[in-house]
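The values are calculated or read from the model by the stated rules, or taken from the named source; none is laboratory data. Since the structure is predicted, the reported quantities are computational estimates derived from the model, not experimental observations. Glycine gets a Cβ as well: all are built from the backbone with ideal geometry, and neighbour counts include every protein chain shown.
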Amino acid sequence: MEFIPVCEPMLAGNELKYVTEAVSTGWISSSGKFVSEFEKQFAAYCNCEYGVAVCNGTIALHLALVSAGIKKGDEVILPSFTMIASAFAVCYTGAKPVFVDADKESWNIDVKKIEEKITSRTKAIMPVHIFGKMCDMDAICDLAQKYNLKIIEDAAEAHGALYHDKKAGSFSDIAGFSFFANKNITTGEGGMVVTNNIEIYNRARYYKNVCFPLDGPRNYQHKDIGYNYRMSNVVAAIGLAQVEKADEYREMRIRNHRLYKKYLADVPGIIFQSEPSEDCVDVCWMNTIVIDSAKYGHTKDELIAYLKENGIDTRLLFMGMHKQKAMLDYGCDCSGEYPVCEWLTENGFYLPSSSSLKEDKIKYICNIIKNF
């Protein structure tokens with residue numbers, strides 16, 4: 001069996017056709033029809049009115065926070081178990097990230113522990129839909145309403161996910177998505193914010209384009225400090241082709257996840273993220289397992305080494321934000337207990353998760369895990 005990477009992009013649609021058109025017509029900068037069409041189509045895919053394309057997912061989160069009015073002195077609540085870009089984006093605004101432990105079943109932010117972290121400085125909650133599983137948005141929306149807080153979804157891993165038949169990105173004041181190469185929808189790099197709020201949308205357009213006026217000529221007089229966060233027409237051409245096949249790619253990831261669960265069902269000590277309820281859909285961005293070494297007979301690290309010997313690539317899980325030196329140095333409160341986050345970091349990892357991964361390779365991977 002040849003080397004199996006942890007994730008490869010799926011480019012099986014009109015990517016080459018659209019990119020060729022962009023290049024052959026000379027529209028390769030941030031102006032061009034593919035940018036506006038990608039924004040329109042992706043926002044519609046998320047059941048949102050407006051989309052603003054940017055150059056990566058971290059920038060999407062920063063732009064979302066700025067457009068929602070988050071600033072220095074504010075606090076934003078987010079999970080400790082997330083990719084550090086979530087926390088960095090908050091830091092870019094001058095606000096302070098405040099961390100909450102994960103729920104042991106869903107691995108998302110533990111909504112029962114959010115309220116105790118709310119202070120007079122709290123201005124927003126940033127739920128992160130870990131590995132494509134939606135957070136408990138009913139509880140988060142109730143808290144946001146109770147305390148008059150903004151909701152800024154980090155939906156970087158959740159393209160097309162559903163919570164009570166409602167799409168990721170559509171619950172919040174504004175949401176950020178990533179189109180990195182391993183995402184279900186990819187442009188290599190790239191990101192987008194989506195919103196149903198026209199005022200927030202216009203602020204996002206304004207700030208992403210170095211605060212040029214939204215209407216009228218460019219007189220090169222700038223009233224605010226803005227950012228050059230534009231996406232090129234070439235990248236948007238890839239994105240548009242990806243959105244056209246978004247549901248197909250989503251179903252491929254879901255199918256692969258079901259196959260992993262099927263072939264590992266009788267292996268003791270293998271723990272998966274909890275299953276979604278009837279009217280929810282997890283998009284299974286990464287097939288992640290946690291090892292109970294007492295039942296499995298080997299540690300996570302021993303299994304990772306054995307998989308590598310057999311040509312199977314893996315990735316470690318996020319280290320908790322409360323363990324990050326950068327967060328401590330920034331001034332975050334990293335005290336307290338985060339047992340679930342630490343359990344996930346210590347015992348979990350990604351298995352190969354490409355949309356195009358074939359069943360025979362999944363079966364091979366699972367047999368290696370069984371045999372070990």
Inspect region 195-211 for any residue being surrounded by fewer than 17 Cβ atoms within 10 Å (Cβ to Cβ), on the phi > 0 side of the Ramachandran plot, aliphatic (A, V, I, L, M) and assigned to a loop (DSSP other than H, G, I, E, B) and give the result as yes or no.
yes
Only one of ALA85, ALA168 is touching a helix residue (DSSP H, G or I) at 6+ places or on another chain (Cβ under 6 Å), under 29 Å from VAL243 (Cα atoms) and assigned by TED's automatic domain parsing to the domain that holds GLY226; which?
ALA85
Residue count for region 275-295, restricted to those that are modelled with pLDDT under 95 and hydroxyl-bearing (Ser, Thr, Tyr)
1
Only listed residue being out of contact with any helix residue (DSSP H, G or I) (no Cβ under 9 Å at 6 or more places or on another chain), closer than 19 Å to SER353 by Cα and surrounded by fewer than 22 Cβ atoms within 10 Å (Cβ to Cβ), chosen from LYS223, LYS245
LYS245
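Condition check ((1) outside the structural domain of ALA155 (by TED's automatic domain parsing); (2) surrounded by fewer than 20 Cβ atoms within 10 Å (Cβ to Cβ); (3) part of a loop (DSSP other than H, G, I, E, B)) across all residues:
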residue: LYS261; (1), (2), (3): yes, yes, no
residue: VAL267; (1), (2), (3): yes, yes, yes
residue: GLN273; (1), (2), (3): yes, no, yes
residue: ALA294; (1), (2), (3): yes, yes, no
residue: ALA305; (1), (2), (3): yes, yes, no
residue: HIS322; (1), (2), (3): yes, no, no
residue: LEU328; (1), (2), (3): yes, yes, no
